[in-house]
1. Which whole-number percent is the relative contact order of the stretch 53-211 (Cα, under 8 Å, 6+ apart)?
2. With 10 angstrom as the radius, rank H147, H129 by how many other C-beta atoms surround their C-beta, starting from the fewest.
3. Using only Cα atoms and rounding to the nearest 10 degrees, what angle (0 to 90) does helix 190-211 make with the longest principal axis of the chain?
4. Which one of I95, L105, G39 has its Cα pushed farthest toward the positive end of the charge dipole of the chain, where Lys and Arg give +1 and Asp and Glu give -1 at the Cβ?
5. Would you order S183, S89 from fewest to most other beta-carbon atoms within 10 Å of each residue's own beta-carbon?
6. Taking 20 Å as the cut-off for C-alpha to C-alpha distance, list the pairs among K54/K88; K88/K173; K134/K166; K54/K102 that go past it.
7. So what's the angle, to the nearest 10 degrees on a 0 to 90 scale, between helix 169-185 and the longest Cα principal axis of the chain?
8. For the stretch 89-143, which trypsin sites (Lys or Arg not before Pro) are both in a DSSP coil and crowded by at most 10 other Cβ atoms within 10 Å?
Amino acid sequence: MTEQSYYDIASNNRLSFEKSPVFIMKKKLIDELSIEELGKLFPIILVDHQVNWKFIYQKEKDYITETIGENNIISVNHIGSTPIPEIKSKPTIDILLEIENKTDLDNLINNMKKKGYNFIAQPKSSEPHMMFAKGYTINGFKGQAIHIHVRYEGDWDEIYFCDYLKINPDIAKEYESLKIKLSNQYRNNRELYTEGKSEFIKNVTMIARDEL
């Protein structure tokens, strides 16, 4: 019996059907996929800055406030690359949500799930060790991808880094060049893509904390 195969444009290779994203999607639920399978299903894609991202963020901010209650929220911030003008970014809206320590976490999780967000435990992140996401399905990206990073009140590096790049376009362009290079190297490996940015982000954040 002839082995079924498909042609993978990204790698310019013919691969067995069992390694195709279609086969992977059919055999598992999304939360059961391995890191390698997730990398194939959700590759690193950079696009030009979109003016409407700030409006999508604002709409999502209002939606979050309505969902979990203003009394549970300390602040909501647009982070990542999408708020930085004129540089390429993954088309994912990253939001840093700071909540009150008294917030009922089980209730928060249930309310967010009811609104279509996927809960993702983050044991290596700061308390309360959680994030939410939407725009990811077993068939790949669908609609607007959004990440909501949940923290208690703090002095967070992500805000310093983002604010600094907004007012330093030359540094922002350096960051863009690094991201383009890494996205070409690690199109299907988010962990290595993220790791490759870490030293740049750390150095710029140290400067930002001194200057802002």
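1. On the way: 207 pairs, mean separation 31.7, N = 159.
Here the relative contact order equals 20 percent.
2. Working: H147 20, H129 14.
Fewest-to-most Cβ neighbours within 10 Å comes out as H129, H147.
3. It is inclined by approximately 20 degrees.
4. G39
5. Values: S183 17, S89 22.
By the 10 Å Cβ count, ascending, the order reads S183, S89.
6. On the way: K54/K88 15 Å; K88/K173 9 Å; K134/K166 26 Å; K54/K102 30 Å.
Over 20 Å apart, Cα to Cα: K134/K166; K54/K102.
7. The answer is roughly 30 degrees.
8. Details: sites: K102, K113, K114, K115, K124, K134, K142; in loops: K102, K115, K124.
Filter output for the stretch 89-143: K102, K124.
We did not get these values from a lab; they are worked out from the coordinates using the rules stated. Because the structure is a prediction, the values reported are computed rather than measured. Here Cβ is always computed from backbone atoms with ideal geometry, including for glycine, and neighbour counts include all displayed protein chains.
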